[in-house]
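Notes to accompany the following structure.
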Amino acid sequence: MNALSALSVQNTTKRFGGLVAVNQMSFELRTHEVLGLIGPNGSGKTTMLNVISGALKANSGFVSLFGKVISDQPANLIARSGIARTFQLVRTLNSMNALENVEAGGVFGHRRLWKNSLRSQAIEMLDKVGMAGSMNNPISSLTYIDQKRIELARALMSNPRLLLLDEWLAGLNPSELQIGIDVINNLKSEGHTIIIVEHVMDAIRSLCDRCVVMNTGKKIAEGKPEEVLEDEGVIQAYLGSEHA
Amino acid sequence: MTKKEVRNFLIAMALFVLAALLPIADSGYWLSIGVTIATYMVLSTSWALFSGPTHYISLATGAFYGIGMFIVGGGIDLLPYWMLVVIAGCAGAILAALIGLATLRLSGVYFVIFTLGLAEFVRQIVTWIQTTMGSSSGLYVLTDLNDTIIYWELLVLGALVYLIGWWINRSRLGFALRIIGNDEVVAVHCGINTAYSKVILFIFSGTVATIVGALLAPRLSYIESNIAFSPMLSFIVVITALLGGAQKLWGPIVGVIPFMLVWDFLTATFPNQTTLMLGICFLLVVYLIPNGFAGLIEKYLPLRHQER
């Protein structure tokens, strides 16, 4: 195992009954690296992310964070050891306002703030995602991109050692997409370690240092974005054999 | 404490003292209904501390209450009364912990049905123990505790529940429960041990309900499982909490007072249709004031809303 390795996934398999959603996946992630986890629909990307965050238990293999095995722990302890995430379909706390939604991420996880330090951090995070003006607004009054920003701010509240973004850019219109890419770029320049599951190829090219490509649960390619996107196997997986 | 909290605390103290003076003003009908109101005030408030933020509807209140009664009924000839109240509290806590651990994986309607079934199960067990080991179907609790003393005991217990509830709402535990009520998946990924948080609150409300049963036992004098484990009690607790608004600490008490006055009138006027009346009350509350009086007050006093 590399000394700089932030996350290490080794021979991980996740089955749902007879379906093997993640099949013998192995990859490494270095600190301050942004890794794109890509592949066609149903290739097991979100399942892989769920195994890393502890939402699902792997059937075999293990995941370790900075050399410490985490795959045997429940999701709340994994969050506490420093993995924060957003969800494919945005999940907000609808009875609370924007500020409280963000605060929720900083009380019980990797960082355990309370009272004044919690509030000032939450305001800082809202500012970072460009939402400082709406902190007292109820969540239901926010647009989709703004809810996604709140969710991201909640994940950042714990000062995570690893951030998992599950299709955080999906469903945005072109101008929102540019805002979204800028937000992630800022996180990257701050030195965050991030795994992005994404379909938006422009975002992958401009954000990711490296990509892991999955198809039917297996890793089919790994490398720089421009290289893997030219890879014959990858094009075949996305478009079918006649286009390769 | 902020200025607003000091103000609220003084208002609460004043109301408490005013309520405590009731037995001096009247020792007949009003004291009697005062005991009933105080009973449901304590039960609903402690119920709402768990079910309000988490949205887990528990119908097990009657089971805890009945156990409290039977512990007093069974032990009154052997141990001093106060010791039985303490034992009842401990028994309620242990039972709630066991139920909590067993029902961690249940949510929504499964949890509701489980708690309802549990109340019935406990009643059957107690009845069985009584008919095989005891001589009669009921137990006598003869003490010199009158309605006035019981009323004051309930008020003090209610004040304690309020103070603890106020403290929980301001604590990390209270925040955790609100997050769990919104989205349990998010709660887990924020690092919250959801099982632990839920069980702690369930233990608290179960303990309080058991103690209430123990305090009420001397009032009944003769305790029978059909009365002690009445499912009606669990339903009334839910209705009054919903009527007042389960989201606010003071919500249930705002619901209990008008409901019990109306309920007393209804049961006196239609003694044979109480279950029907309960059903109608349930429908009216759910349809007309789904967020309770507390919700109405917040809606029409938007200034209050901004303060948090």
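None of the figures in this text is laboratory data; all of them are computed from the coordinates on show. Predicted, not measured: the structure shown is a model, and the values here were computed from it. A quick note on method: Cβ atoms are made from the backbone with ideal geometry, for glycine too, and the neighbour counts reach across all protein chains shown.
Couplings 3J(HN,Hα) of segment A:127-141, computed from phi: 5, 4, 8, x, 10, 4, x, 10, 5, 9, 6, x, 4, 5, 8 Hz, in residue order, whole Hz [Karplus 6.51 cos²θ - 1.76 cosθ + 1.60, θ = phi - 60°; x for Gly and Pro].
Using a ≥ b ≥ c from the Cα gyration tensor of segment A:167-222 (square roots of the eigenvalues), is it rounded, prolate or oblate, where a/c under 1.5 gives rounded and otherwise the larger of a/b and b/c decides, a/b for prolate? Note, shape of segment A:167-222 comes out oblate. A DSSP coil position with no more than 16 other Cβ atoms inside 10 Å describes none of the chymotrypsin sites (Phe, Trp or Tyr not before Pro) in segment B:173-231. Bridge orientation summary for chain A: considering DSSP beta bridges with both residues in this region, about 60 percent are antiparallel. Inter-chain Cβ neighbour count for A:90-97, averaged per residue, equals 4 (cutoff 10 Å, partner chain atoms only). Computed over chain A with a Gaussian network model linking Cα atoms closer than 10 Å, the most mobile of A:Leu93, A:Leu49, A:Leu37 is A:Leu93. Only helices enter this figure: runs of n ≥ 4 DSSP H residues, each worth -39500 (n - 2.57), summed and divided by the residues of chain A, yield -10000 deg cm²/dmol at 222 nm to the nearest 500. Cross-link pairs exceeding 32 Å between alpha carbons, from the set A:Lys115/A:Lys188; A:Lys188/A:Lys219; A:Lys14/B:Lys248; B:Lys3/B:Lys299: A:Lys14/B:Lys248. Note on B:177-183: average number of Cβ atoms from other chains within 10 Å of each residue's Cβ is 5. Contact order, relative form, for segment A:93-160: 50 percent (alpha carbon pairs under 8 Å, 6 or more residues apart, mean separation divided by residue count).
For segment B:3-230, a Kirkwood hydrodynamic radius built from all Cα pairs, placed in the Stokes-Einstein relation at 37 °C and 0.692 mPa s, yields a translational diffusion coefficient of 177 µm²/s. The relative contact order of segment A:1-93 comes to 30 percent, based on Cα pairs under 8 Å that sit 6 or more residues apart. Across all directions, the shadow cast by the convex hull of segment A:93-160 built on its C-alpha atoms averages 3.9 square nanometres. Rounded is the label for segment A:9-89, because the ratio a/c of its alpha-carbon gyration tensor axes (a ≥ b ≥ c) stays below 1.5. Roughly what % antiparallel, to the nearest 5, for the DSSP beta bridges in the protein assembly as shown? So the antiparallel bridges amount to about 60 percent of the total.
Which one of B:Gly66, B:Gly34, B:Gly181 has the biggest mean-square fluctuation once chain B is modelled by GNM with Cα springs under 10 Å? Of B:Gly66, B:Gly34, B:Gly181, the Gaussian network model singles out B:Gly181 as fluctuating most. Please state the shape class of segment B:192-308: rounded when a/c is under 1.5, otherwise prolate if a/b exceeds b/c and oblate if not, all from the C-alpha gyration tensor. It comes out oblate by the Cα gyration axes. With viscosity 1.567 mPa s and temperature 4 °C, the Kirkwood radius over alpha carbon pairs of chain A converts through Stokes-Einstein to a diffusion coefficient of 71 µm²/s. Comparing A:Pro225, A:Pro160, A:Pro174 in a Gaussian network model of chain A (Cα springs below 10 Å), the most mobile by mean-square fluctuation is A:Pro174.
Look at where the Cα atoms of segment A:47-69 and of segment B:147-192 average out, and the two centres are 34 Å apart.
Set against the 2.2 N^0.38 Å expectation for a compact globular protein, the protein assembly as shown has a Cα radius of gyration ratio of 1.17.
Here the Karplus curve 6.51 cos²θ - 1.76 cosθ + 1.60, taken at θ = phi - 60°, turns the phi angles of segment A:37-45 into couplings of 9, 10, x, x, 4, x, 8, x, 5 Hz, with x standing for Gly and Pro.
Under a 5 Å amide H cut-off, with hydrogens placed 1.01 Å from N, A:Val22 pairs with A:Lys14 among residues at least 5 apart or on other chains.
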